[in-house]
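Below: one structure, written as structure tokens.
The values are calculated or read from the model by the stated rules, or taken from the named source; none is laboratory data. Remember, it's a predicted structure, so these values are computed and weren't measured experimentally. Using ideal geometry, Cβ is built from the backbone for each residue, glycine included, and neighbour counts are taken over all protein chains shown.
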Amino acid sequence: MVKEGIKIFCRVRPSSKPENVSQFLIKSPDSPKETHAIAFQIPKNISDGLVNNKKDVYQFKFNQIFNSQSTQDQVFTQVASSVIDNVIEGYNGTIFAYGQTGSGKTYTMTGGTEKYTDRGIIPRTISYLFDYFKKKSGLIFTLHISYMEIYNEHGYDLLSAEHEASRLEDLPRVTLMEDSQGTIHLRNLSQHGANTTEEALNWLFMGDTNRVIAETPMNMASTRSHCIFTLHITSREAGSDVIKRSKLHLVDLAGSERIGKSGIKGSLLTEAKYINLSLHYLEQVIISLSEKKGHIPYRNSLMTSVLRDSLGGNCMTSMVATCSVEMSNIDESISTCRFAQRVALIKNEALVNEELDPRAMIARLKNQVSELKQDLELVTGQERTDELVEEEIESCRSAVDMYLKENDIETQIQVSGDMRKIHYCFRILKEKYLNSQMKTKQETQSPQSKLNELKLTKDEGNLQVHRMGVESDLLTMDVTRLRGLLHQRDEEINVIVKLLKQEKENFAETQRSLFILREKYIEATGQQYDIKIAKKIERPLTEPKIPTNINISTPRGTVSEETITRKRSEFSKARQTAFDTFRRKHPQDSILNQHNVRLNDCYTKARVLGEKVNSSRLQVNKLKTKIQQLRVSNAVDFQADASAIEEENRLRGELEISRIAFKCDCALLKELKTEIEHIQHLMEKIKVLVLKEFDSWWAEQIHTYKNSMLKGENNHDNVNGIPRF
Ligand SMILES: Nc1ncnc2c1ncn2[C@@H]1O[C@H](COP(=O)(O)OP(=O)(O)OP(=O)(O)O)[C@@H](O)[C@H]1O
């Protein structure tokens, strides 16, 4: 709570005849501060007599005195800015102008109309507030405006929707209501929100045009009423439940005037009476407050009721006393200053108007409850199955967008622990991924295929989605197929590596043969191996029809035909050795061996069977001879007995059995012969195949060897212990 006296300021209106007024600073011995003071000098009237004890100098102290040269800006800075700062902090504030008619109250509060710099306290306050709101980005402010006029003791809403009403009486009447705590409420006084300086100034302009203005002898455009322009401000820190509510009354009181002096009549006289009466009540309140009387007569007038808080209550208040310094207005000015002195004695107790905003608190608690629910679901594993609402979907989308926008890989997606939301975020991400893939594909597609696709998807919204599903399936299938292919290739590589190893062994064997050949060549010729000679020697092996009478020149002489023949036979031996090795390593060799075993078996069987056939044949011939002999002996002896016939029959039986056995063995032998021929045929075929393969392999080896010789490589290096060519 801040206990503070009302600050008083004096403003002297410019005058063509600035008579008898002086402004100065008083230095008090008790205080280091200088006090501003104004003094009015009233000349002693000679007609009052020789002895005249009447006071001729009237001196008044103020917080600040503005002379006729003071600018609107200076007045605003000194009078208003500190009050506004406090209002923003949550204190209530009031600035009111008091003075006689035409002394410059409206000029001070609202301003002049001629120049922009003539703007008064009210428009400058509006600009000041909005500038401040812009600077304080961490706070949330709201501003509402109300504008009330008190005319002939009746309150009117100057910003009513019916402001187009031609007469003041048509405007809604503002009435007072008091609650149980004694707080005054104004019924029918509208409040209008303003978000910009322009909006707020529009409301001010609208209210001003509705004010009752009349021509009085003392002021050509005298405002005939009290006007209270109120700014209602709320401020809250983002995320806080505490809200500060404050209001700033900017009051332009009607001018006090002496009826007799102004010479007004009729309705103007009635107005003046009301004005004077309400100012009188205001004075009574001020006197009571300054004299600290128990009862303060606020209720005597509408104006004092409305300004109850501003005078002696929860408010920081400043008063501007406006003075005219012409001799004719001196009395009024002195009266105004006296009034200000009393006002300065009033002490207000200002409080920051803070309260908990129930709506903000409910919203925060609701959020907290939903977060806790989500946490509980996560902890208990209980999943929500209800559909996401529009707002939740939107929040997921913006969370994903934010997440993707961030380049930092560590960024986390801002989504609560609700599994439905997490699933939905993944769905959005998948959508985006598929779309980008599709886009890339479309960019690389030919224009025709693009056109075809567009045609396809033109009327079928779902087709696209379906196609994406199919594409994903195809992709999976493709991956499986490629994996299979990779496995197959691995197998093939293994087989090739094995074959390569085998080939390497064959090659080593061949090299060994060639090495023997080379040694023999050197031994035979006494020369270094010459590739040209080797070429000549080699040719007859692949081309048997080489002319035999060829003589080959060597660096040391001529190689005879006999030498070449010898070499050829040696070379053939080497080739034979290489072939044997090749054949042994050849995969068909085991088959060949199997056939060989089978063939030998067949030969053994055939030999046994042949012997059997021969013995059967001998047995048949033997039996035939026996039967012949028996017949011959029986023919000689016509009287053949039964035993002879029986003997012949037995022999015939035996003959028949031997014949059958012979025939069977012959058939078996024939079959065996066919099988032998078949095996031989197969073996021949395999041999031809192996030989063919060997020939090409051999030619390759020779070729490689020749090349290495031509390049002059060191052929004595050992590879696996075998000399290399
Ligand atoms: N400080 C000033 N500088 C220049 N002109 C001024 C100043 N004060 C007042 N005036 C002029 O004096 C005239 C009367 O002033 P104003 O209307 O403000 O008086 P008022 O006290 O509001 O009178 P009323 O009580 O009758 O409404 C206006 O034309 C105004 O422009």
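Odds and ends about this structure:
- The set of residues in segment 101-129 that are surrounded by fewer than 22 Cβ atoms within 10 Å (Cβ to Cβ) and away from the ligand (no atom under 16 Å from the Cβ) comprises Ser127, Tyr128, Leu129.
- Filter result for Ser222 (buried (at least 20 other Cβ atoms within 10 Å of the Cβ), modelled with pLDDT under 80 and within 16 Å of the ligand (Cβ to nearest atom)): yes
- Members of segment 321-377 that are among the polar types (S, T, N, Q), at pLDDT below 85 and not in a loop (DSSP other than H, G, I, E, B): Ser328, Asn329, Asn348, Asn367, Gln368, Ser370, Gln374
- The condition of being assigned to a helix (DSSP H, G or I) and within 30 Å of Asp580 (Cα to Cα) holds for only one of Lys622, Lys626, Lys673, Lys612, that being Lys673.
- Thr175 being within 16 Å of the ligand (Cβ to nearest atom), outside any helix (DSSP H, G or I) and either of a type in the set (D, E, K, R) or loosely packed, with under 15 Cβ neighbours inside 10 Å (or both): no
- Only residues that are at pLDDT 90 or above and among the hydrophobic types (A, V, I, L, M, F, W, C) were counted across segment 175-204, and they come to 6.
- The residue list Tyr132, Tyr98, Tyr147 contains one member that is more than 15 Å from the ligand (Cβ to nearest atom), in contact (Cβ under 8 Å) with a residue 40 or more places away in the chain and assigned to a strand (DSSP E or B), which is Tyr147.
- Filter result for Val251 (assigned by TED's automatic domain parsing to the domain that holds Glu89, modelled with pLDDT under 85 and within 16 Å of the ligand (Cβ to nearest atom)): no
- Residue in segment 56-78 that is assigned by TED's automatic domain parsing to the domain that holds Asp331, more than 15 Å from the ligand (Cβ to nearest atom) and surrounded by fewer than 23 Cβ atoms within 10 Å (Cβ to Cβ) present: yes
- Check on Thr142, within 44 Å of the chain's Cα centre (by Cα) and either touching a residue at least 24 places away in the same chain (Cβ under 8 Å) or surrounded by 16 or more Cβ atoms within 10 Å (Cβ to Cβ) (or both): yes
- Checked against the criterion of being within 30 Å of Ala39 (Cβ to Cβ) and more than 26 Å from the chain's Cα centre (by Cα), segment 348-356 contains one or more residues that satisfy it.
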